[in-house]
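K.L.:
Could you have a look at this structure, given as structure tokens, before my questions?
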Amino acid sequence: MKFHRIKALLIRHLYLYKRSLPRLMDIFYWPIVDLLVWGFFSVYLEKQNLGGINAVSVLLGALIFWDFLNQSQKAISVAFLEDVWERNLLNIFVTPLRPREFLAATVILGFVRILLISIVLGLLAFLFYSFNIFTFGFFLIPLIANLLLFGWALGLFTTGIILRYGTQAQILAFGFIFIIQPFSAVFYPVSALPGALQTVAKLLPTTYVFEGMRKIIAGGGLPLNDMLISFGLNLVYLALVIWFFYVMFRRAKERGLLLKLD
């Protein structure tokens, strides 16, 4: 793995953001709209005195963490699609660039996206709703780390499917993550789900992150057991999707699908 190739690809992606309003809107505008809508809704719930529930902290915390997951997934799958849309994919992979270097660049790009959105959302949440995400302290590290890992796993999975089935599957880059949202207990506890769906929820690393976030807001400490389960599931899923991605990439090369994607 050569760092100069990773750096070149990363710079190339960052230059695209410099003069692209739609790309900047994807990072800033839509998350800010979500923050405002859910923020006003949580303030309304807070005024209803619903049994002492801190609706602002619970809903805004869930929203911000969900955006972390969403951005980490998009960093991989959408970065791949941009090369497809610009008919640049074949040009990239006829160079000495290796798939793992391509993935490393998109992972770093994900860090950049999450850093930017966390600054913007954190500042606006504090100014508008007096919600300070940094009250989580060092608990933020395991929470965000698990979301990043699962976001990368989802991004690799959707990219592998697009490699196999072409651009007809590109909607998965934007919509697949919302398939798992109802089972991830983002805005409500797992206990609100029917029994069978609770079993599904326990198979997702995100469930333990959002449940842990609510426990911390309620005044408890970091649920270490939940974080370890989430981390273990992430390692399993990452191993599986990395294998899946390389199998799909190899088949795409053998069948000439990279040329068809362009």
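K.L.:
Taking region 101-127, which residues are among the small types (Gly, Ala, Ser), touching a Gly at 6+ places or on another chain (Cβ under 9 Å) and over 13 Å from ILE76 (Cβ atoms)? Even if it seems obvious, please write down each step before you answer.
P.N.:
Residues of region 101-127 among the small types (Gly, Ala, Ser): 104-105, 110, 118, 122, 125.
Checking the rest, the ones that are also touching a Gly at 6+ places or on another chain (Cβ under 9 Å) come to 110, 125.
Hit for region 101-127 is ALA125, nothing else.
K.L.:
OK, next. Please give the number of the condition GLY212 fails out of (1) of a type in the set (Gly, Ala, Ser); (2) free of Cβ contacts under 8 Å to residues at least 60 places away in the same chain; (3) closer than 20 Å to LEU60 by Cβ; (4) assigned to a helix (DSSP H, G or I).
P.N.:
(2)
K.L.:
Checking GLU46 against (1) at pLDDT below 70; (2) in contact with a helix residue (DSSP H, G or I) (Cβ under 7 Å, 6 or more places away or on another chain); (3) under 19 Å from GLY175 (Cβ atoms), which test does it fail?
P.N.:
The single condition GLU46 does not satisfy is (3).
K.L.:
A follow-up question, please. Does PRO223 count as touching an Asp or Glu at 6+ places or on another chain (Cβ under 9 Å), surrounded by fewer than 22 Cβ atoms within 10 Å (Cβ to Cβ) and more than 23 Å from VAL107 (Cα to Cα)? Working first, answer last.
P.N.:
Numbers: touching an Asp or Glu at 6+ places or on another chain (Cβ under 9 Å): yes; surrounded by fewer than 22 Cβ atoms within 10 Å (Cβ to Cβ): yes; more than 23 Å from VAL107 (Cα to Cα): yes.
Against the criterion (touching an Asp or Glu at 6+ places or on another chain (Cβ under 9 Å), surrounded by fewer than 22 Cβ atoms within 10 Å (Cβ to Cβ) and more than 23 Å from VAL107 (Cα to Cα)), PRO223 qualifies.
K.L.:
If you go through region 177-209 one residue at a time, how many are farther than 23 Å from GLN71 by Cα and outside any loop (DSSP other than H, G, I, E, B)?
P.N.:
Total meeting the criteria: 9.
K.L.:
Is there a residue being within 30 Å of PHE102 (Cβ to Cβ) and outside any helix (DSSP H, G or I) anywhere in region 237-248? Reasoning before the result, please.
P.N.:
Pass one, region 237-248, residues within 30 Å of PHE102 (Cβ to Cβ): 237-248.
After this cut, where a residue has to be outside any helix (DSSP H, G or I) as well, the list is none.
Within region 237-248, none of the residues are within 30 Å of PHE102 (Cβ to Cβ) and outside any helix (DSSP H, G or I).
K.L.:
Still on this structure: Would you check if TYR188 is surrounded by fewer than 20 Cβ atoms within 10 Å (Cβ to Cβ), of a type in the set (Phe, Trp, Tyr) and more than 18 Å from the chain's Cα centre (by Cα)?
P.N.:
Values: surrounded by fewer than 20 Cβ atoms within 10 Å (Cβ to Cβ): yes; of a type in the set (Phe, Trp, Tyr): yes; more than 18 Å from the chain's Cα centre (by Cα): yes.
So TYR188 fits the description; yes.
K.L.:
Considering each of VAL241, VAL247 in turn, give the residue that is out of contact with any strand residue (DSSP E or B) (no Cβ under 6 Å at 6 or more places or on another chain), surrounded by 15 or more Cβ atoms within 10 Å (Cβ to Cβ) and touching a residue at least 60 places away in the same chain (Cβ under 8 Å). Working first, answer last.
P.N.:
Values: VAL247 fails: surrounded by 15 or more Cβ atoms within 10 Å (Cβ to Cβ).
Among VAL241, VAL247, only VAL241 is out of contact with any strand residue (DSSP E or B) (no Cβ under 6 Å at 6 or more places or on another chain), surrounded by 15 or more Cβ atoms within 10 Å (Cβ to Cβ) and touching a residue at least 60 places away in the same chain (Cβ under 8 Å).
The values are calculated or read from the model by the stated rules, or taken from the named source; none is laboratory data. Here the structure is a predicted model, which is why all the values come from computation and not from measurement. Note that we place each Cβ from the backbone using ideal geometry, even for glycine, and neighbour counts take in every protein chain shown.
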